[in-house]
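Worksheet for the structure shown next.
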Amino acid sequence: MRIPAKINLYLKVTAKRPDGYHEIRSLFLPLDDIADELTLRDGDDGLELAVAGLPVSNAEDNLVCRAARRYAERAGIAPHWRFTLTKHIPVAAGMGGGSADAAAALRLLQERYSALADEELHELAVGLGADVPFFLNPRTGFASGIGERFTPLDGPVRTPPLLIVNPRFPVSARWAYTHLDPARIGDDDSGRAEALAAGLIAGDPAAVARSVHNDLAAALYRKFPLLTLLREFLIRHGALQVEITGSGPTLYAVCPSPDVRDRLREELEAAWPAALLLLSA
Ligand code: ATP
């Protein structure tokens, strides 16, 4: 099963709850060209995970294993499963890779056993992480609450040409939220989110570029000057807009055409050889 990465073209932190969780409003865009692959086959007793592609733990703490254990417990099935994960989504990058893999494990097991009702599967997904329910059925739309409520956009989306720039160092979501300036927290009445949705449906890269936003970005630019350098480079070389996805540190460049995106990719490769993981979408 292929399961896509996501980027957040919009992320507003609307409230901090007394229990420490942040409430958000965020536009999730699945990227079909950037995906992990997970397969399942039967094996001897227990759970095994083989990992290929980008390095990530293959032990119990991998979200594939955690998801499969929870499914087994809830469904009352003794695991006898061998998973193979081919990792293409950068890790701890703001692209939802771990959540995608957890959802893929739940979906593969549900396809095989149909042991849980839809609501039970959703509940299991929320328990694994706020972004996991999104990946049970990845569509473009707005997440709210702590990320677990989802409203798809009202119309098909035409994704603008995007260059994804991952600087090959990890940032934990916890770090990004801890360093968020509390003064930013609150509602947004600018109309940006609605303009962004309209731009995506119209297939208008310039309208998308004008409306992207991320409340978590300022702290990341302050902490990692490389991100500002990359952003400036991308804009100087033809990107319409550049922003950080989710809790970072990955940047996405919104481009006016696939040609500009491909040229930008070549220029970036030449300027920072081997330092960056570049993906086109
Ligand atoms: P998000 O955008 O949902 O905040 P992220 O893209 O920033 O997430 P992930 O790639 O999901 O981050 O990884 C977060 C942490 O989860 C990493 O520290 C990683 O070690 C751990 N992890 C466990 N399982 C996986 C997996 N299958 N793929 C990636 N990371 C995993």
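Could you give the length gained on full extension between ASP181 and GLU37, defined as 0.36 nm per residue of separation minus the Cα-Cα distance, in nm? Present the calculation step by step, with values, prior to reporting the outcome.
Values: separation 144, 0.36 × 144 = 51.84 nm, distance 3.66 nm.
Gain on stretching ASP181 to GLU37: 48.2 nm.
Rg to Rh for segment 1-78: what is it, with Cα atoms only and Rh by Kirkwood?
Reported Rg/Rh (Cα atoms, Kirkwood Rh): 1.07.
At 0.36 nm per residue, minus the direct Cα-Cα distance, what do VAL126 and HIS237 gain on full extension? Give it in nm, one decimal, please.
35.9 nm
What does the helix-only formula give at 222 nm for the chain: each DSSP H stretch with n ≥ 4 adding -39500 (n - 2.57), the total divided by the residues, and the result rounded to the nearest 500 deg cm²/dmol?
On the way: 10 runs with 103 residues, N = 281.
Value at 222 nm, helices only, nearest 500: -11000 deg cm²/dmol.
Picking from GLY43, ALA92, ILE24, whose Cα lies most toward the positive end of the charge dipole for segment 1-121 (charges on Cβ: Lys, Arg +1; Asp, Glu -1)?
ILE24
Treating cross-link reach as a plain straight distance, find the lysines whose alpha-carbon is under 22 Å from the alpha-carbon of LYS87, omitting any fewer than eight places away in the same chain.
Those lysines meeting the cut-off are LYS6.
So for the pair SER144, ALA271, with labels modelled 7 Å out along Cα→Cβ, what separation do we get in nm?
3.9
Tell me the net charge near LEU226. Cut-off is 14 Å between Cβ atoms, LEU226 excluded, with +1 for each Lys or Arg and -1 for each Asp or Glu. It would help to have the intermediate numbers written out before the result.
Numbers: positive: ARG168, ARG222, LYS223, ARG231; negative: GLU232.
Here the count lands on +3.
Which residues among segment 74-92 fall inside the zone where the amide N is under 15 Å from a point 7 Å beyond the Cα of SER57, along Cα→Cβ?
Once the point is set 7 Å along Cα→Cβ of SER57, 91-92 turn out to lie under 15 Å by backbone N, inside segment 74-92.
Choose one of PHE233, HIS213, PRO256: the residue whose Cα lies farthest towards the positive end of the charge dipole of segment 210-264 (beta-carbon charges +1 Lys, Arg; -1 Asp, Glu; about the Cα centre).
Looking along the dipole axis, the top candidate is PHE233.
To the nearest 10 degrees, how steeply does helix 192-202 sit against the main Cα axis of the chain, on a 0 to 90 scale?
80
Only the coordinates and a few stated rules stand behind these numbers; no lab work does. Worth saying up front: this structure is predicted, and the values here are computed from it rather than measured. Here Cβ is always computed from backbone atoms with ideal geometry, including for glycine, and neighbour counts include all displayed protein chains.
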